[in-house]
Each structure stands twice: as structure tokens, then as C-alpha cells.
Amino acid sequence: MIWYPYEQMKTMKQPYEITDAEGVYLYTKDNKMIDSVSSWWSVIHGYKHPELTAAIKRQADKFSHVMLGGLTHESARKLSEKLRDWLPWDLDYCFFSDSGSVGVEVSLKMALQYYVNRGDMRRTKVLALEHAYHGDTFKAMEVGDDEDYHFILEAYGKKKNAVHIPTEIGALEQAFEKYHSELNCMIVEPLLQGAGGMRMYDVSFLKRARELCDEYDVLLIFDEVATGFGRTGNRFVADLVRPDILVLGKALTGGYIGHAVTVANHKVFSGFFSDDSSKALMHGPTFMGNALACSAALASIEIFERENYIEKIKRIEEISKRELKGLESPEIKDVRVMGGCACVEVYDSKTLDGYQQFAYERGVFSRPFLSYLYAMVPYVITEDELIKVFAVMKEWFASRK
Ligand SMILES: *Cc1c(COP(=O)(O)O)cnc(C)c1O
């Protein structure tokens, strides 16, 4: 049987069985619902997009996968060229992997080895944010600050190699003052911390982080696995502030096939480029650069550019703000919107008990967690569909008065 994610298997509620999906809709045997979560924020073009499906089929007719160890292929090469041209700054070197967590692991390994390759063994620490989420693998959990993973602290004791700070410039400056000679990198989910509670912060924090990283020669990693491809209203937050390493995942393939890429700039890449084989990056996921995933990613980026998604996301932001305006209840702590992400935070997580089924019965799929009720819709959603997503939220709070 299936062991489901983040669930107590003994008490979990039966998941909805999906039999078909198209556009923003998920279908069960007897219901149709708008996916307000975009399958963990990834399905930006909606389901069953004809161009994405065709790209995958075209590739499958040639081959679905060959490894990148000693072999290469057109789809991976084209995607790396596309990303080199499309991404800002000198983020030019693409290391592919099969999931966001692995993409983050690769970025952290790169940052550590960058210094080790220079003979600097003191820089073992990572500066990260409170409430950070960077994935479920072990190093990603260590640099993360997710309460659900605090069992690690219970079992292992204090984290030795990660320092967590709030998104405040004062705390940032203090951390650099105290730890700068031990830091190899700072890693952040820029502007929007997703799984940590849809927390939004100001770009001035990132600009100051960039300055301090330059001053103390620390690498800056943007984990844009969630924020990339428009979610914050920016194509990438990296368009605003320059990271040394950028990690993309989730929407990279339009949510069609799991894949991620860790993109390094010239400075990082040159730290590995050498006649000395021991300075090579020792990593190589079996399915890195998978041909179906690369084809889907290329098609996804083409649609994103051609159909002016940034405008679509601006519209989603405007409608979200308009529809959530005036949503008030003594149970609500905060309502916030950034780009294609809207979040209603309540004081007590029990307030959201039963919401998923309530929404299901009204034709919306939602998956609140802790005290956060949110929408991260596919960008192809229509105005009426988006209004419906928020109407169901409003009805929930009104019904509890
Ligand atoms: C989802 C997520 C990850 C992990 O990606 P997976 O593909 O689930 O391994 C890493 N970082 C951030 C910011 C994420 O939102």
C-alpha cells in the first residue's frame, strides 16, 4: 500500500482519488474541483496542457532517458542554453537533479566544496532563516527550520553547522559580524517563505545580504524552488538581487515531471574548474537531465514567455487583493498576498479543521497546513474561477460566526 506524505497513517482521512485533470480542474469519480494548490505549487500551466503533453510524447518517441555520465543529449543541452540566456546575471552553469531537495543538497555541497577546493576548511557553517524550508533530505532539513523536523534536534542535539536568523537587517548584520569567517554560504527562500507559513519579507533584506556576502566573501544561495517562475510576481527574485547559486524545481517542468536545476555563476564554477580531478563536483543523480523532464521544461518556459505570464500573475495578485479585502474575523490573524500567493493566517489551527472537505463540497481543492489557509493557483485560472476560490474561504469564516 501507499505510505502517504506528512500523514499519520493510522488516523489520516482517505485522500481524494483523481481520475482525470484538465486546466485548473481535478476530477474525481463524481466531483470536479479547482486545484487552488497547483499540486504543491508546480502546475503553473494547468493540467493536460496540449503543448507540454506533445513535447513529452515527441521526446518519448526518441528515448525517455539516458544518463549524463558519459552521454549527453539535445533536450538537456537546449535547456541549459535556454536557462543560460534566460536567467539573469552570469548564472550559466546548470547542474540537473531529480527534485528540489536534491537541488538544494547540490547547492550546499557546491558552497562547501568551493571553499575546500581553495584549502579553506574553516567555512563549515551555513547562515539560514528562521522558519526556512529547503526540502526533506538531511542537509536540507538541517538548514531548514521547520517545526516538524525538530525531532532531529531532539535526537541529535543542537545543529552544529546551521545558524538561523529572522528576516531583520539587524540580525543579519550581527550574524555576519559573529560568524563571517566560518560561513561558506547563506541560503534563503527569497521574499516568500513557503512551507514555513507563506511569510513575506522585504527585498531590502536581500540587498543587504548581498552586500554582506560580497564584503565577507560568502556565497549567496537563492532557493527559488517555490518562488521561481513568477510566484512572487517577479519572474525570479534573482532578477532583483544577484545570487551566486540559484536552485529551481517545482514549476521548472510546469509540474509535469519531477526535476530541478542548481545553477552556478562563473565565480562558483571557476572554483571547481581545474586540472586537478579531486576538485570536481562529486555528485550525479541517476535521473539528472532526464530527457522527458528537459523537454517539458523547455516547452514550459516557451509558454511562460510567449503568453506573458508576468501580466497574468499581476492580474491574479490584483484579484486576490480585491477579493480578500474586508475578509475579517476574530479568528484571522493576518491576510497577505504576493504575486500568485495568497495566505490567510489564523490564530488557532483548529479554525481550519474541516476546511478541506468544506471546500471539496464546493468544488475547490485546498490543503491548509498548521494555521495557514492559502491559494497558489495555476496561472491560467480565469477571474471567475479565482473569485470562487476566495468565495469559499469567505463562506467558511462567515459560516463560523
Ligand atoms: C518544495 C521545496 C523544496 C523541495 O523540493 P522537492 O522537489 O519536494 O524535493 C525545496 N525548497 C523549497 C523552497 C521548496 O518549496
message: Below 8 Å between Cα atoms, with a sequence gap of 6+, how large is the relative contact order for the chain in percent?
response: 23
- prompt: What relative contact order, as a whole-number percentage, does the stretch 207-247 give when Cα pairs under 8 Å and 6 or more residues apart are counted?
  reply: 45
task: Determine the alpha carbon to alpha carbon distance for each of K78/K139; K350/K401; K321/K350; K325/K394 and list only those over 19 Å.
output: K78/K139; K321/K350
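Working out 0.36 nm times the residue gap between Y6 and F151, then minus their Cα-Cα distance, what length gain in nm do you get to one decimal?
Using 0.36 nm per residue and subtracting the Cα-Cα distance, I get 50.8 nm.
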- line: Of all DSSP beta bridges with both partners in the chain, the antiparallel percent, nearest 5, is 65
task: Which order do the peptides 374-387, 224-237, 153-166, 23-36 take when ranked by the mean count of other beta-carbon atoms within 10 Å per residue, highest first?
output: 224-237, 374-387, 23-36, 153-166
task: Give the order of M1, M141 when sorted by the count of other beta carbons within 10 angstrom, beginning with the fewest.
output: M1, M141
task: State the answer as a single residue: which of I2, L240, W396 lies farthest towards the positive end of the charge dipole of the chain, with beta carbon charges of +1 for Lys and Arg and -1 for Asp and Glu, about the Cα centre.
output: I2
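From the Cα gyration tensor of the stretch 186-289, with a ≥ b ≥ c the square roots of its eigenvalues, which class applies: rounded if a/c is under 1.5, or else prolate if a/b is larger than b/c, or else oblate?
Note, shape of the stretch 186-289 comes out oblate.
So, by mean Cβ neighbours within 10 angstrom, what's the order for 107-115, 58-66, 289-297 with the highest one leading? Please report the intermediate quantities before stating the final value.
Details: 107-115: 23.4, 58-66: 13.7, 289-297: 26.4.
Per-residue mean Cβ counts within 10 Å order the peptides as 289-297, 107-115, 58-66.
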- prompt: In what sequence, highest mean first, do 266-277, 41-52 appear when ranked by Cβ atoms within 10 angstrom?
  reply: 41-52, 266-277
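Any read-out appearing in this document is the output of simple, stated calculations on the displayed coordinates, not a laboratory observation. None of these values were measured; they are calculated from a predicted model. Note that each Cβ is placed from the backbone with ideal geometry, even for glycine, and that neighbours are counted across all protein chains shown.
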